[in-house]
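The values are calculated or read from the model by the stated rules, or taken from the named source; none is laboratory data. These numbers come from a predicted model, not from an experiment. All Cβ positions, even for glycine, are placed from backbone atoms using ideal geometry, and neighbour counts span all protein chains on display. The protein model used for the area step is the full one, side chains on, heavy atoms only, and it has no ligands, DNA or RNA in it. Shrake-Rupley method; radii C 1.70, N 1.55, O 1.52, S 1.80 Å.
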Amino acid sequence: MISPAKRDDMLVHQSEPYNAEPPRGALADDVVTPIAAFYGRNHGTFPDTDAATWRLCVGGMVDRPLELSLDDLRSRFTRHEEIATLQCAGNRRAGLMAVHDIPGQHPWGPGATSTARWAGARLADVLDAAGLDPAATDIAFDAPDVADEADPPQGFGGSIGVGKATAGEVLLAWEMNGEPLPVAHGAPVRVVVPGHIGARSVKWVETITARDRPSDNFFQATAYRLLPADTKDPGPGDGVALGAVALNSEILRPDDGDEVPAGPTAVTGYAFAGEDRTIIRVDVSADGGDTWVQADLDEQLGPWTWRLWHATVDVPAGRTTITARAWDSSAALQPEHPASVWNPKGYVNNSWPAVTVTGR
Ligand SMILES: Nc1nc2c(c(=O)[nH]1)N[C@H]1C(S)=C(S)[C@@H](COP(=O)(O)O)O[C@H]1N2
Ligand SMILES: [Mo]
């Protein structure tokens with residue numbers, strides 16, 4: 001078993017396969033998350049890949065199928081960097097589970113999201129070298145880590161639309177925060193799809209296939225889909241495949257349950273919206289939403305990153321709930337209640353975040 005080399009205060013939902021998130025405060029200090037704090041989300045055991053023998057096969061609807069070694073990838077294609085936030089569709093699921101049980105899924109808190117500086121080749125350049133058929137509509141990724149939860153058990157995979165795949169920001173990354181990509185995050189090479197749910201950023205990618213329809217992989221066709229609340233027994237194609245990350249935010253500091261000195265209290269959090277949307281405003285309330293203060297937004301490091309924000313609110317003596325709400329550049333506001341976004345698999349809880357603190 002490969003050790004993921006994480007902080008020892010990670011909240012581990014499962015050790016094998018490794019599923020863990022940092023405590024919320026660990027995300028508050030850096031726009032680019034240290035690797036030791038970066039969440040880990042795995043559907044199977046880390047595969048036994050060897051950078052020396054690893055090959056990337058690019059095929060399907062292309063004129064010139066490719067088989068590339070890591071050296072080929074690094075020497076034939078220009079290296080690009082992209083700072084991108086990954087966010088699991090299951091981030092903040094615990095808030096939905098508090099509304100109504102979601103069996104068989106991890107109760108992720110606010111930490112199933114992190115930001116890294118990724119470097120690698122542009123998927124667009126690799127597809128160009130392979131001579132992408134203009135009739136292709138979807139680009140599928142497949143990895144060797146077998147997920148027993150899939151029906152039938154299969155390697156992890158997924159796909160994105162050809163427009164996104166050729167847009168330039170999607171990377172085949174071998175570097176994370178200036179270091180060689182760790183095994184836990186997909187070494188030797190992972191896909192990074194900025195602005196889309198984490199599940200599309202396939203780790204340990206071995207096969208890229210140009211197709212005329214989305215991937216049939218379990219994690220594209222059956223899981224990571226938004227289902228109506230009353231769906232009983234979802235099968236392939238039910239609901240809607242999740243793609244772009246929805247507007248979301250969280251409070252990182254103070255922590256839920258903290259004691260804080262009564263009076264002015266600093267509150268820090270993150271806010272993020274996928275694809276072409278950016279965060280334009282975050283409000284914070286310490287009186288159940290009667291009054292709000294506008295948070296200061298940190299500079300956004302790039303088009304694909306979350307924004308950290310800071311506000312000071314007056315915390316009275318006794319138990320108080322601090323609430324936040326974010327808007328994106330389409331003027332969309334987060335939904336207030338988790339009950340209104342509850343869904344059977346517990347994805348995309350983007351309701352207003354809250355922590356309860358005691359002023360002393
Ligand atoms: N091969 C493979 N890729 C994968 C997964 C996986 O289980 N296997 N999990 C996906 C999911 S659901 C998420 S949210 C991200 C998490 O990336 P991280 O573990 O580097 O944080 O990887 C994605 N890529
Ligand atoms: Mo995920």
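A few remarks follow.
- In order through region 132-137: 3J(HN,Hα) via Karplus (6.51 cos²θ - 1.76 cosθ + 1.60), integer Hz, x for Gly, Pro: 4, 5, x, 7, 5, 10
- With the whole protein complex present, HIS100 retains an accessible surface near 110 Å², based on a 1.4 Å probe.
- Remark: the chain carries a charge dipole of roughly 200 debye about the Cα centre, counting +1 on each Lys and Arg Cβ and -1 on each Asp and Glu Cβ.
- Ordering of 295-304, 145-154 by burial proxy (mean other Cβ atoms within 10 Å per residue, highest first): 295-304, 145-154
- Taking the charge dipole of the chain about its Cα centre, with +1 at Lys and Arg Cβ atoms and -1 at Asp and Glu Cβ atoms, the residue from GLY257, PRO23, ALA244 reaching farthest to the positive side is ALA244.
- Prolate/oblate/rounded label for region 119-184 (Cα gyration tensor, a/c 1.5): oblate
- Relative contact order of region 178-219, taken over Cα pairs closer than 8 Å and 6 or more residues apart, is 30 percent.
- Residue among GLY155, GLY111, GLY288 with the largest mean-square fluctuation in a Gaussian network model of the chain, springs linking Cα atoms under 10 Å: GLY288
- For region 114-122, the Karplus equation 6.51 cos²θ - 1.76 cosθ + 1.60, evaluated at θ = phi - 60°, returns couplings of 7, 10, 9, 9, 9, 9, x, 8, 6 Hz by residue, with Gly and Pro reported as x.
- Note on region 11-241: with neighbouring protein chains present and a 1.4 Å probe, carbon and sulfur make up 49 percent of its accessible heavy-atom surface.
- Within a straight-line Cα-Cα reach of under 18 Å, LYS232 can be paired with the following aspartates and glutamates, leaving aside sequence neighbours fewer than 8 residues apart in one chain: ASP101, GLU149, ASP151.
- Computed [θ] at 222 nm, helices only, for the chain once each DSSP H run of length n ≥ 4 contributes -39500 (n - 2.57): -1500 deg cm²/dmol
- For the chain: relative contact order, % (alpha-carbon pairs under 8 angstrom, 6 or more apart): 18
- The residue among PRO188, PRO214, TRP204 whose Cα reaches farthest toward the positive pole of the charge dipole of region 183-249, with charges on the beta-carbon of Lys, Arg, Asp and Glu, is PRO188.
- Relative intensity, log₁₀ I(q)/I(0), of region 248-359 from a Debye sum that treats every alpha carbon as a point, q = 0.12, 0.14, 0.19, 0.23 Å⁻¹: -0.41, -0.55, -0.96, -1.26
- Note, ³J(HN,Hα) from phi for region 21-36, Karplus 6.51, -1.76, 1.60, rounded to Hz, x at Gly and Pro: 10, x, x, 4, x, 5, 9, 7, 8, 10, 5, 9, 6, x, 4, 5
- Across region 155-195, the mean sequence separation of Cα contacts (distance under 8 Å, 6 or more residues apart), normalised by length, yields a relative contact order of 37 percent.
- The alpha-carbon positions of the chain define a convex hull whose volume is 128 Å³ per residue.
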